[in-house]
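Contents: one structure, followed by commentary.
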Amino acid sequence: MTGSQKPSDLVQGTLEMLILRVLALEPMHGYGIGVRLEQISRGTFCVNAGSLFPAFRRLERDGLVRAEWQTTENGRRAKYYSLTAQGKAKLKRTTQDWERQTAAISRILQSSLGEL
Amino acid sequence: MAWVNRILQGLRALFHAKRIEQELDDELRAFVDASVNAKLDAGMRRQDAVRAARLELGSEASVKDAVRDAGWESWVGDFWRDIAYARRSLTRSPGFTAVAVLTLAIGTGATTAIFSVVSGVLLKPLPYPNSSRIVRLFMNAPASESPSKRPLRASLGLTAAEINEVRTRVRTLSHVGTSTGILRSLRGHEEAARLQGSRVSASAFEMIDAQPMLGRVFNADDELVGAEPVMILSHAAWLRFFQGDRDVIGSVTTTDSVLGQRVESRYTVIGVMPQGFAYPEPSTQFWVPFAMSAPGAPPLRGPLVGRLADGVSVEAATAELSSALRGIRPEARETQYELALEHLELVAPVRPALWVLMSAVGCVLLIACVNVANLLLARSAARDREMAVRVALGAGRGRLVRQVLTESMMLSLLGGVVGVALAFGGVRILKQLATTISRIDLSPTAFPRIESIAIDLWTLVFAIVCTAATGVLFGLAPALVHSRVDPVRGLRGPSVGAGRSRIWRPSVRQCLVVSEVALAMMLLVGGGLLIRSFLKLSMIDPGYNAENVLTFQVSLPSSRYTNLEMRAFAETMVQRLRSSPGVEAAAYGNQLPMVNLSDTAGGLWTSPDPQRPPTPVGPDARIVSRDYLRVFGIPVVAGRGFNDGDGEGQRRVLLVNQTLVNKDFAGESPIGRAVFIGRDIVPWEIVGIVADVRQFGLDHEPTPQFFVDMRQWGVGGTFFPIGAYYAVRTNADPRTLLATARNTVANLDKEAALFNVAPMEDLIANTIARPRMYTALLGSFAAAGLLLALVGIYGVIAYTVTQRTREIGIRMSLGARGGNVTSLVLRQSFPLMIIGVSIGLVGAAMMSRFLETLLFGVKPLDAATFGTMALMFIWVAGLASYVPARRAAKVDPLVALRCD
């Protein structure tokens, strides 16, 4: 899970949002989620187990994801996480917030001195 | 309801901890498996894949820890683990634990005890409804309108009629009434029992919502002229004199007046108050109405008390009441009226002192905290390695802080428990210190509201808060130090520890020591000032020898004795006492020193005037028996004293004191001059001058006095308005004479009884009871502060020496001598002390003005006290650091070099 460049730290609180996003596609187990995060971000984010698992626990506690033991494609047992209705709603909300904020931030960052 | 969910989930996790752990293990294993599989698929060899997967996961334990920490319930488990760990680590070093717990116990114990006083006396409301709205009337009279011709603030005595008028006129007070003291003896009880009672208005009882246990309370009709005299008994008096008989209601009881002219009065008992009813004082044993006086009789006067009507401010009530009083007392044009809130007025004399004591005890507590923080820091140095191991194993900073704080909380809890136990004892001692002789004829020295001082729920809550706060206060510094442990450096061990990374840590310790020294210095100066002031006060020569003098009064069965018979009784009494074994001299008089009632006998004049109006000002008339001066050892400085020749019918002679000579005769000898007392037109000849005595208290300058021999005193008026006082000089402990005195009295008259028995020394001690209490308390706080600060200084220096053993070893092997090493260590501690002492002196200079009202004959900025205390402190602190420094000098270089 190491990229050529030093992976960035995640902005606080965004990990949960990204996990929800990944799970919106399909239910997935812990390792899969980690790999998927790295893949989608093209190696920008590297999430270690020490952050991933507490995030799962928090999401589960908040009722945003549901966990079930299932058999993997390799015939092993793994804990699969999937979105709940609440989780879907939350993802929608946070995505909207996020887009609004990032749009605003990037406008500020890209504005010329005169505009400021 | 996300939080409800979280709590439920957390609880579930607590109850199914095992299963959840198991599940987490499984999940992690699955994670590693998946990781390995992915790597195998990518073409890695199995061995490498497993290794890479493990590396990616990192420490499994710390991942699990992070997952556990995601829910609140992990705190519970951690908490128990921390407690178990703290217990282990504290029992492993019992010496440290004992010192820390004891230090904290002293701090919290003293603070809790003083808080119980502050809470009981200052904070708790009086035990009446709306007690914070009860007011008392004072007048501020200028010299021209004051009876003593000096500006005066005093409560204003009003008659029942005037009080009724105020009640009808003033709308801003919902209740208006009065209560004033009365002394009576109960007829028909063996021990000529003297009861302290109160004349009280019906509306004063209504104001405090007084409910009787039996019968009824007063109503307005009881106050009318000619109403049947009625009485209410206290619970205690009812039990003691009426054996708790419920039929007492409606019975008639006969009383005799104790002071002034003997008057017999009969009262119908109409009620009994419940236990604990204590208005106006806990010692009040009965109540009679404050009744209107019969026309022609001199009216009784009482101070006005009332309750503010709802929504009325003190100012508004004062304004309305003032205008009403101007109508009632048109002659007092300049006098200002003031309504004081009763709950503040009652404790006004002790409030400043209590806040001073509370701050002082707060200082002791702070010193205790600093001391324990210091001890913990010293320990923390030794635990660097342990903490480094924990960090290396993945413990977070927060986790370490929590663990260290748990340890300090445990210490403070132990300290708090021992402290509260100490506080129980402390409060008992405090109450003993505050208890005074409660007598109506002595100046009021009683500590207000002493009965409400107790370790109650509030005090315990305070102790708990105090304990928790101290735990955080002294635990935080060491906790933060630990949280910054650098695992690499820590693990490498203390041999490199003398390097740069440590420099900041001693500075924390140094700051702590400096603040400790400064606090202790402030306490010492405060204690020193009070002690000096108290010594000055108690070393004042009262002008008489109080040692081995027993004083008492005798109550005679009222109306059976005329004035002359009373005098005859007293003369016989002293004659018989004089011939008793162990008695050197015996006398009686109208008053004793320290009795707080002045008797001018109409004043002393150089010309006769049979129409002279009575005057309340004038020298103090001392009407005494022959040997009065001898008993008290009051020297005659010129002329002669009384002798056997000064009997009835002889030339009338009189003695004056030095102050009177200085004041009225401009210091010239008045011996041989003729003077007149009151309206008396027969002259008295001054035959002697006696030395001054302090009549009204050690801190009161002597006042003019003259002495008359009782045998020559006329028969007009009352001989002993407050009963005769006896004074007997013995050649041993005066208390041993009590039985003799009692027998002598009983032999003369079976119905007579001794009362107000006290050695003269106790009467003097009683006048300085409060300063003594303050001095004892502040003095012991200063001592405790000093002791704790010394322990702190010693600890720091000893610690430095241990840290520098190696360096000292090197120095010594290079030729340094013991003396060099000692001074090396002392050089380090000396600046700390000087800084601390300087800060402390500045602080003391700023704070000592709050002591001003408590000081007698000492200025708050008394240079001698400041200097002595600073020098003493530096000296003992020097000693405390010299001991470890000396030990450093004895270090064996070989041992020192090998020690790490």
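Observations, loosely collected:
- Filter result for B:L832 (closer than 18 Å to B:G779 by Cα, of a type outside the set (K, R) and in contact with a helix residue (DSSP H, G or I) (Cβ under 6 Å, 6 or more places away or on another chain)): no
- Taken as a whole, the condition of being hydrophobic (A, V, I, L, M, F, W, C), part of a helix (DSSP H, G or I), at the interface with chain A (Cβ under 8 Å from one of its Cβ atoms) and surrounded by 14 or more Cβ atoms within 10 Å (Cβ to Cβ) does not apply to B:A86.
- For region B:93-105, the set of residues classified as in a helix (DSSP H, G or I) and surrounded by fewer than 24 Cβ atoms within 10 Å (Cβ to Cβ) consists of B:P94, B:G95, B:F96, B:T97, B:A98, B:V99, B:V101, B:L102, B:A105, listed by residue number.
- Boolean, B:S62 is more than 9 Å from chain A (Cβ to nearest Cβ) and either part of a helix (DSSP H, G or I) or buried (at least 16 other Cβ atoms within 10 Å of the Cβ) (or both): no
- Hits in region B:195-218 - residues which are assigned to a loop (DSSP other than H, G, I, E, B) and on the phi > 0 side of the Ramachandran plot: B:D209
- Residue check for B:L57: more than 10 Å from chain A (Cβ to nearest Cβ) and either among the hydroxyl-bearing types (S, T, Y) or surrounded by 14 or more Cβ atoms within 10 Å (Cβ to Cβ) (or both): no
- Among residues of region B:658-679, those that are on the phi < 0 side of the Ramachandran plot and either in contact with a Phe, Trp or Tyr (Cβ under 7 Å, 6 or more places away or on another chain) or among the small types (G, A, S) (or both), counted: 6
- Taking the numbered list (1) in a loop (DSSP other than H, G, I, E, B); (2) hydrophobic (A, V, I, L, M, F, W, C); (3) touching a Lys or Arg at 6+ places or on another chain (Cβ under 9 Å) in turn, B:V305 passes all entries but (1).
- Residue match in region B:24-45 (condition: at the interface with another protein chain (Cβ under 10 Å from one of its Cβ atoms) and outside any helix (DSSP H, G or I)): no
- Flag if B:A113 is closer than 30 Å to B:L365 by Cβ, in contact with a Gly (Cβ under 6 Å, 6 or more places away or on another chain) and either more than 10 Å from every other protein chain (Cβ to nearest Cβ) or of a type in the set (S, T, N, Q) (or both): yes
- Checking B:G71 against (1) in a helix (DSSP H, G or I); (2) within 21 Å of A:G63 (Cβ to Cβ); (3) within 12 Å of another protein chain (Cβ to nearest Cβ), the condition it does not meet: (1)
- Summed over region A:16-61, residues that are buried (at least 18 other Cβ atoms within 10 Å of the Cβ), within 8 Å of chain B (Cβ to nearest Cβ) and not in a helix (DSSP H, G or I) total 1.
- Counted residues, region B:219-246 - those being farther than 17 Å from B:T180 by Cβ, in a helix (DSSP H, G or I) and over 33 Å from the mean Cα position of the chain (by Cα): 5
- Single residue of region B:140-155 satisfying the filter (polar (S, T, N, Q) and in a strand (DSSP E or B)) that is nearest to the chain's Cα centre (by Cα): B:S155
So that you can scan it fast, the table gives a plain yes or no per residue for (1) without any contact (Cβ under 8 Å) to a residue 40 or more places away in the chain; (2) surrounded by fewer than 22 Cβ atoms within 10 Å (Cβ to Cβ); (3) more than 24 Å from B:N548 (Cβ to Cβ); (4) under 39 Å from the mean Cα position of the chain (by Cα):
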{"residue": "B:G603", "(1), (2), (3), (4)": "no, yes, yes, no"}
{"residue": "B:V617", "(1), (2), (3), (4)": "no, yes, yes, yes"}
{"residue": "B:L629", "(1), (2), (3), (4)": "no, no, no, yes"}
{"residue": "B:G633", "(1), (2), (3), (4)": "no, yes, no, yes"}
{"residue": "B:V636", "(1), (2), (3), (4)": "no, yes, no, no"}
{"residue": "B:G639", "(1), (2), (3), (4)": "no, yes, yes, no"}
{"residue": "B:G647", "(1), (2), (3), (4)": "no, yes, yes, no"}
{"residue": "B:L660", "(1), (2), (3), (4)": "no, no, yes, yes"}
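- Residues of region A:62-94 satisfying the condition of being under 18 Å from A:R36 (Cα atoms) and more than 11 Å from every other protein chain (Cβ to nearest Cβ): A:V65, A:S82, A:L83, A:L91
- Note on region B:423-434: among residues that are surrounded by fewer than 20 Cβ atoms within 10 Å (Cβ to Cβ) and in contact with a helix residue (DSSP H, G or I) (Cβ under 7 Å, 6 or more places away or on another chain), the one that is nearest to B:Q695 (Cα to Cα) is B:L433.
- For region A:71-101, a residue qualifies if it is modelled with pLDDT under 85 and in contact with a Phe, Trp or Tyr (Cβ under 7 Å, 6 or more places away or on another chain), and exactly one does: A:R77.
The values are calculated or read from the model by the stated rules, or taken from the named source; none is laboratory data. From a predicted model like this one, the values you see are computed outputs, not experimental measurements. Glycine gets a Cβ as well: all are built from the backbone with ideal geometry, and neighbour counts include every protein chain shown.
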